[in-house]
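Okay, so here's the structure we're looking at.
The values are calculated or read from the model by the stated rules, or taken from the named source; none is laboratory data. Computed from a predicted structure; not experimentally measured. Note: ideal-geometry Cβ built from the backbone for every residue, glycine included; neighbour counts use all protein chains shown. In case anyone asks, the SASA skips ligands and DNA or RNA and just uses the protein heavy atoms, side chains included. Shrake-Rupley method; radii C 1.70, N 1.55, O 1.52, S 1.80 Å.
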Amino acid sequence: MSEPEAPAVSFPLKERAMDEAPVGITITDATQPDNPLIYVNEAFERVTGYPREEVLGRNCRLLQGPETREEPVRTLREAVDAGESVTVELRNYRRDGEEFWNEVTIAPIEGEDGEPVNFVGFQNDVTRRKAAEMALEDERERLDVVFRRVERLLDAVTTAIIAPTSRSDLERAVCEGLVDAGPYEAAWIGTVDAAGELLSASSTTGDHPGLPEGGVRVDTDHPAAVACREGTIQGLHGLSDGNGGAGDDGQQIAVPLRHGDSEYGVITLVAPAGLRVDEREATVLTALGRAIAAALSAVETRRILVADDVVDVELSVRDDDLFFVRISEQVDCRLTYEGAVADADVPSLYFTATGASVEAILEAAADCQDVVAVSTVIEDGEQHLLEFELGRDPLVGRLAAFGAETRSIVAEEGEASVEFTLPAGADLRSLVERVREEYPDTELRSTAHRERPPETKQEFFTRVETALTDRQLAALQTAFVGGFFDRPRRATGDELAASMDLTRSTFHQHLRVAQRKLLAEFFER
C-alpha cells in the first residue's frame with residue numbers, strides 16, 4: 001500500500017506565513033546587478049523602521065553605518081559570491097539612526113543551472129542578548145584590570161612593610177610603593193596631633209598629593225577626616241566641595257590605619273580622574289590599611305626594645321571599667337601583674353592575687369564585662385596566680401600599640417598603679433589622652449627620663465651564666481647537648497643524671513631552676 005501524499009500548501013498561504021513571521025524575512029534577486037531586495041515582510045519593517053517601498057530595489061547594505069565592522073560584512077559578501085549559506089551578527093542602523101544588533105542568516109535559492117537566482121534572508125534583532133554579552137565581557141576585562149591592580153598593591157605593601165626599621169621609613173616605603181605600583185598618582189599618611197584636632201602629613205609621595213596647606217581638620221568632611229573619625233574607607237566616589245576632595249588633583253581615597261583598638265592615622269591615595277574603584281578593590285584597600293597599621297604597631301613595639309633613651313611613666317587609674325581595679329575594690333585584695341600571653345587576637349593577662357579567696361575573685365570577675373574566663377594557674381595559701389581571658393584588647397595591649405612596655409601593674413583598694421616605659425621621642429601626651437578617653441579617672445603621676453645602655457650579646461651571655469650556679473649551668477648544657485629537649489628524646493633524665501653522677505631528683509631540680517632563670521631573663525626584661 002503506497003504512502004498517502006502530503007497535501008500541497010498553496011502559494012497564498014506561504015506568502016501569508018512569510019508576511020506574518022515574527023522574524024524579518026527578505027528575498028533578493030541574485031540575477032540583477034547589486035543583488036537588490038524584491039521582498040521584505042512586516043517584521044523587517046518593524047525591526048528596521050523602513051517601509052517596504054523605500055527598500056525594494058536596494059541592497060541590504062543600506063542598514064550598515066559608521067560602527068558596522070568590516071569583518072562580518074566581508075564574510076557575508078564572500079558567502080553571497082560563493083552561493084553559500086552563512087550567519088553573521090552585524091551592528092546595523094534603523095531608519096531613524098538608532099543602532100541595533102542584527103543576526104542575519106542568508107541561504108541561496110538555486111535555478112535549474114545550479115546557480116543562485118535568489119537569496120532568502122532571516123533577520124533577528126538580538127540587541128538585548130548582545131548587550132548582555134558585551135556587559136559580561138566588559139565586566140570580565142574590568143575584573144582582570146582590578147585583579148592586576150590589586151596584585152600590584154599587595155606586592156607593594158608587602159615589600160614595604162618587611163624591611164624598614166623605623167616608622168618614618170615604613171611610612172615612606174608604603175607611600176612610594178603604592179604610587180610606583182599605580183594607578184595612584186600620589187599618597188600621603190596623616191596622623192592626628194596631640195589635641196585631636198588636625199591631621200598633618202607625616203609622609204608624602206607624588207607630584208600632587210592633594211593635601212590642603214596646614215593639614216586637614218578632623219571635624220571637616222574631607223575624606224581623610226571622615227575616615228579618621230568613622231574608621232571606614234572614604235572617598236570612593238570623590239568630593240568636589242573645595243575642601244581637598246576630588247578636583248584637578250584627582251579623586252582622594254582615604255583608608256584608616258587601625259590595628260585592634262589602636263589608631264595610626266590615615267593613608268590617602270590620589271587616583272586619576274575617572275578611575276573606577278569598586279567594592280572589591282575597596283575591601284583590599286581596607287585590608288591593606290590594617291596590614292600597614294599592624295606593621296606600624298610592630299615598629300613601635302620594636303622601638304622600645306632597642307631604645308637607649310627612655311621615659312619611665314606611672315599612671316594612677318581608679319576607673320572600675322578596668323577589671324583589676326573593680327576586683328581589687330570589691331573583694332579587698334591586691335592584684336599584681338605578672339605578664340601577658342598572646343596566643344590569640346586578644347591576650348590573656350596573668351595576675352597574682354593576695355588577700356582574698358579564689359572563689360571571691362571568680363565571683364567578682366563574673367561582673368566584669370571584659371573578662372571572658374578566669375582560671376587558676378597556681379593556688380598557694382593566700383597567694384594565687386590567675387589567668388584572665390579577655391574579650392577585648394586590654395590596657396596592656398593599647399599601651400603596646402604606642403610602643404610602651406608595661407613594667408608593673410598593682411591594683412589595690414580600687415586604684416591601680418600602672419608603670420610602663422616609652423622611647424624618649426614617643427608622644428606621651430597622645431598616649432595619656434587616649435587612655436583617658438577609655439578610662440576617664442586616670443592621672444599621670446610621674447615621668448622620669450633615663451638612659452638604657454645597649455647590651456652586647458656577650459654581656460647577655462655573661463649575665464645569664466652569672467645568674468646560674470655551676471651545677472645548674474651544667475645540667476642545662478648536658479640536657480641540651482644530650483637531646484633531652486628533642487622529640488623524641490635522645491636521652492632520658494635518668495641517663496643524663498647518671499652521666500653527671502647525680503640522683504634523678506637532684507638533676508631535675510637543677511634543670512628546672514636553670515630553665516626558670518633563663519626564662520626570667522627572656523620574659524622579665
| message | Return the pair list, or none, for Cβ contacts closer than 7 Å from residues in segment 16-43 that are at positive phi to residues that are aromatic (Phe, Trp, Tyr), at least 6 apart or on different chains. | response | ASN35/PHE119
| query | How many residues, within segment 69-86, are assigned to a helix (DSSP H, G or I) and closer than 20 Å to PRO33 by Cα? | reply | 10
| query | Scanning for something open to solvent by 100 Å² or more (accessible area, probe 1.4 Å) and more than 15 Å from ALA107 (Cα to Cα), does segment 49-57 turn up at least one residue? | reply | yes
| said: Please go through segment 393-417 and give me each residue that is under 21 Å from ASP367 (Cα atoms) and modelled with pLDDT under 75, ordered by number. | reply: ASP393, PRO394
| Options LEU275, LEU315: the member that is touching a strand residue (DSSP E or B) at 6+ places or on another chain (Cβ under 7 Å) and at pLDDT 80 or above | LEU315
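Check VAL255, VAL226, VAL157, VAL174 and return the single one that is open to solvent by less than 40 Å² (accessible area, probe 1.4 Å), outside any loop (DSSP other than H, G, I, E, B), more than 19 Å from PRO272 (Cβ to Cβ) and modelled with pLDDT of 85 or more.
Numbers: VAL255 fails: more than 19 Å from PRO272 (Cβ to Cβ); VAL157 fails: modelled with pLDDT of 85 or more; VAL174 fails: modelled with pLDDT of 85 or more.
Checking each option against the conditions leaves just VAL226.
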| Yes/no for SER203 being modelled with pLDDT under 80, among the polar types (S, T, N, Q), under 17 Å from GLY265 (Cα atoms) and within 22 Å of the chain's Cα centre (by Cα) | yes
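For every residue, the table says whether it meets (1) open to solvent by less than 70 Å² (accessible area, probe 1.4 Å); (2) at pLDDT below 85; (3) aromatic (Phe, Trp, Tyr); (4) within 26 Å of PRO440 (Cβ to Cβ).
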{"site": "ASP308", "(1), (2), (3), (4)": "no, yes, no, no"}
{"site": "ARG326", "(1), (2), (3), (4)": "yes, no, no, yes"}
{"site": "GLU329", "(1), (2), (3), (4)": "no, no, no, yes"}
{"site": "TYR337", "(1), (2), (3), (4)": "yes, no, yes, yes"}
{"site": "GLU379", "(1), (2), (3), (4)": "no, yes, no, no"}
{"site": "GLU382", "(1), (2), (3), (4)": "no, yes, no, no"}
